[in-house]
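Participant: Okay, here's the structure, questions in a sec.
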Amino acid sequence: MMIDRYSIALFLVFSYLVGLLDASAGDADPRYRGCVAECEKTGCAGGTCFPHCKFPSDGVANDGPWYMQEPLYLKWKQWDCQSDCRYNCMIDREKEREAVGHGPVKYHGKWPFTRVFGIQEPASVAFSALNLAMHFHGWLSFFILLYYNLPLRQDKKAYYEYASLWHIYGLLAMNSWLWSAVFHSRDVDLTEKLDYSSAVALLGYSLIVSILRSFNVRVEAARVMVAAPFLAFVTTHILYLNFYTFDYGWNMKVCVAIGVAQLLIWAIWVGITCHPSRWKLWVVVVGGGLAMLLEIYDFPPYQGFFDAHAIWHATTIPLTCLWWSFIRDDAKFQTSILLKKAK
Ligand SMILES: [Zn+2]
């Protein structure tokens, strides 16, 4: 009997500690917790009330159309209510904190951002969209250069041997920025997984491209042999994140390792190559390295909008522009070498 009580007490203390460790400083605050609990019960936080927080008491919906009675709709309504309650309680708490001179704290792992038209992190969404546009522009101008401006082989294929690698790169980059914009608009389980998975896929693929391009791997069989272990690892990692555990710490380590590896590969290559456009690569490598620091040095949003992550997304916009410009120069340079050889 004694042991039983002891183990229950120990379990309670342990789960309380785990709960505290799991929470951010903001949502561990009992006043914030009380506000959210109250709001989910009454549908009101501070002076604001949410009509969609009124749930039928017996769990069966009212006389609305059929889709209003679906459990999925109820679930969505409940989730939307929780999201609105958390946001309004957070804003109220932050106002109180500011009044007594305290700085912002994180809630559920995120800084308190000001929403615009229901978009959670407007600055990150805008910068993600601009990155997407930059990649589209870069890829499109690369495509036009290859197939309309530069001479083609007799079989209508481009001389540039890395063309298909960059096409796939462009697609993966646009896909990744699309999901980044969606995720920063609404942070739910699905959008988070899509954003992280696409980012890992892009990162892993760009590591493969950096190896193939810097070591001048032209033979198809050799390319497959180099790419296979990386593809296997990245695929396993994505499956692990989505279907086993979503381990932020481990994912961060994997992403930093892949990122640093490709920056090093490009840095060494740019140091020894005689490529006419190597200065562009220099700027991208140094800029990319500095931008990475923003992810490590995490500061709260300025004016409720621009935090370290948003600024990081902003810095990659000009770097992307320069990056595609380097790829176009590389296509021109390689084509001219191949044409000289052919003559
Ligand atoms: Zn992001």
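None of the figures in this text is laboratory data; all of them are computed from the coordinates on show. As the structure is a prediction and not an experimental result, all values here were calculated from the model. Because the Cβ atoms are built from the backbone with ideal geometry, glycine has one as well, and the counts that use them run over all protein chains shown.
Participant: Gain in length, residue 164 to residue 140, computed as 0.36 nm per residue apart minus the alpha-carbon separation, to one decimal in nm?
Facilitator: 7.3 nm
Participant: Further question: What percentage of all Cα-Cα pairs in segment 152-215 are separated by more than 13 Å?
Facilitator: So the portion of pairs separated by more than 13 Å is 66 percent.
Participant: Let me ask something else about it. In whole Å, what three semi-axes, largest first, describe the equivalent ellipsoid of the chain built from its Cα gyration tensor (square root of 5 times each eigenvalue)?
Facilitator: So the equivalent ellipsoid measures 48, 23, 21 Å along its semi-axes.
Participant: Please state, to two decimals, what the Cα-based radius of gyration of segment 216-343 comes to when divided by 2.2 N^0.38 Å (N = residues). All intermediate terms of the calculation are to be shown ahead of the outcome.
Facilitator: Details: Rg = 18.5 Å, N = 128, 2.2 N^0.38 = 13.9 Å.
Cα-based Rg divided by the globular estimate yields 1.33.
Participant: Follow-up question, since we're still on this one. Isolated Cys in the chain by the 4.7 Å beta carbon test?
Facilitator: Cysteines of the chain left without a disulfide-compatible partner: 255, 274, 321.
Participant: Then there is this: Taking square-rooted eigenvalues a ≥ b ≥ c of the alpha carbon gyration tensor, is segment 198-259 rounded, prolate or oblate, where a/c under 1.5 means rounded and, failing that, a/b exceeding b/c means prolate?
Facilitator: prolate
Participant: Can you give me the angle between helix 220-243 and the longest principal axis of the chain, using Cα atoms only, in degrees from 0 to 90, rounded to the nearest 10?
Facilitator: 0 degrees
Participant: Percent of Cα-Cα pairs per 10 Å bin, from 0 to the last occupied bin, for segment 70-170, please list those.
Facilitator: Cα pair-distance distribution for segment 70-170, in percent: 12, 24, 18, 16, 15, 12, 3, 0.
Participant: Calculate, in nm to one decimal, what residue 156 and residue 239 gain on full extension: separation in residues at 0.36 nm each, minus their alpha carbon distance.
Facilitator: Answer, rounded to one decimal: 26.0 nm.
Participant: Roughly how many Å is it from the Cα centre of segment 135-174 to that of segment 259-291, as a whole number?
Facilitator: After rounding, the separation between the Cα centres reads 21 Å.
Participant: Sticking with this structure for a sec: Based on other C-beta atoms within 10 Å, arrange 121, 220, 94, 38 from fewest to most.
Facilitator: The fewest-first ordering by Cβ neighbours comes to 220, 38, 94, 121.
Participant: Using the number of other C-beta atoms within 10 angstrom as an exposure proxy, rank 50, 113, 230 with the fewest first.
Facilitator: 230, 50, 113
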